[in-house]
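Each reported figure results from applying straightforward, stated rules to the coordinates on display, with no laboratory input. On a predicted model such as this, the values are computed, not experimentally measured, just so you know. Every residue, glycine among them, receives a Cβ derived from its backbone with ideal geometry; neighbour counts consider all protein chains shown.
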Amino acid sequence: MSHLAILDIRIRTERLELRLPDLELLDELATLAAAGIHPPDRMPFSVPWTDQPSPQLERSAILWNLLQLGNWRPEAWSFNPVVLCAGKVVGSQGISATDFAVTGVFSTGSWLGHAYQGQGLGREMRAAILHFGFAGLGGRTALSGAFHDNLPSLGVSRSLGYQENGELVVARQGLPAEQLSLRLSREQWERGGRPDVRIEGLEGCRDFFGV
């Protein structure tokens, strides 16, 4: 086991493997992001990081992921595995929480490279990280959110049983935009159909997550 045991965690589904990236995988992730995530006339992210030109976009993607590890505390953590399909990086699926040991609440966020969208991978990787949060860490509530025009993300959330939990008006590229908040309780998650998900390496590092 490494001193940074969270690097040993693997979350596996029928098609996917989720794991924290090494520098080689981070380079692959950055190249994927630069190749395109969304059409240029749309912005699904509240922080428009994909608006940056190359090579700033690639560098910021790598540094952001490293920063999450550098700022890790059991009271406030952000676990951001890359998603591998057939050995290739296809996207990123994160889970984060503050005071998780007290609240049991976690949030998720993700993106897929444009070439891998429309194949059901977004739903599969979200289901995998929900299993990690609920079954692996013992979470009680999952939160998510998406702009009203981000129909793929909203479709994934609704297919997994999330319920609407209010709206926010936030700035998006200098203009107001409505963002839908979504909530999934443990009870709703347990009632839903779930794919087979296997978690490896968690038992040796549960203290990283404050549990």
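How big is the charge dipole of the stretch 99-196 about its Cα centre, in debye rounded to the nearest 20, if each Lys and Arg gets +1 on its Cβ and each Asp and Glu gets -1 on its Cβ?
The calculation lands at about 140 debye.
Could the peptides 165-178, 17-30, 40-53, 123-136 be put in order, highest first, of the mean number of other beta-carbon atoms found within 10 Å of their residues?
123-136, 17-30, 40-53, 165-178
Taking the mean number of other Cβ atoms within 10 Å as a proxy for protection, how do you rank 79-86, 196-203 from highest to lowest?
Those peptides, ordered most packed to least, come out 79-86, 196-203.
Would you mind calculating the gained length between residue 60 and residue 5 on full extension (0.36 nm times residue separation, minus the Cα-Cα distance), in nm to one decimal?
Contour length minus the Cα-Cα distance gives 17.3 nm.
Mark the label point 7 Å from the Cα of residue 163 along Cα→Cβ and return the residues of the stretch 120-140 whose backbone N is within less than 17 Å of it.
Backbone N within reach: 140.
In sequence order, what are the phi-derived ³J(HN,Hα) couplings for the stretch 162-179 according to the Karplus relation 6.51 cos²θ - 1.76 cosθ + 1.60 with θ = phi - 60°, rounded to whole Hz, with x for glycine and proline?
Residue by residue, the stretch 162-179 yields 4, 10, 5, 9, x, 10, 10, 9, 10, 7, 10, 6, x, 10, x, 9, 8, 10 Hz.
What spacing in nm lies between the two simple spin-label points modelled at residue 25 and residue 191, each 7 Å away from Cα in the Cβ direction?
Each label point is offset 7 Å from its Cα along the Cβ direction, giving 3.5 nm.
Among DSSP beta bridges whose residues both lie in the chain, state the antiparallel percentage, nearest 5.
About 95 percent, rounded to the nearest 5.
Can you give the Kirkwood hydrodynamic radius of the stretch 5-209 from its Cα pairs, in Å with one decimal?
After inverting the mean inverse Cα-Cα distance, the result is 17.4 Å.
Multiply the residue separation of residue 42 and residue 99 by 0.36 nm, subtract the distance between their alpha-carbon atoms, and state the gained length in nm to one decimal.
That works out to 17.2 nm of additional length.
Counting each DSSP H run of 4 or more residues in the chain as -39500 (n - 2.57), what helix-only mean residue ellipticity at 222 nm follows after dividing by all residues, to the nearest 500 deg cm²/dmol?
Using -39500 (n - 2.57) per qualifying helix, the result is -8000 deg cm²/dmol.
Once you charge only the Cβ atoms, +1 for Lys and Arg and -1 for Asp and Glu, what is the size of the charge dipole of the chain about its Cα centre, to the nearest 20 debye?
Roughly 380 debye for the chain.
At a Förster radius of 22 Å, what calculated FRET efficiency corresponds to the Cβ-Cβ distance of residue 181 and residue 123, to the nearest 0.05?
Calculated transfer efficiency: 0.70.
May I ask you to evaluate 6.51 cos²θ - 1.76 cosθ + 1.60, the Karplus curve with θ = phi - 60°, for each residue of the stretch 187-201 and list the ³J(HN,Hα) values in order in whole Hz, giving x for glycine and proline?
Along the stretch 187-201, the couplings run 5, 5, 4, 5, 7, x, x, 10, x, 6, 10, 10, 10, 10, x Hz.
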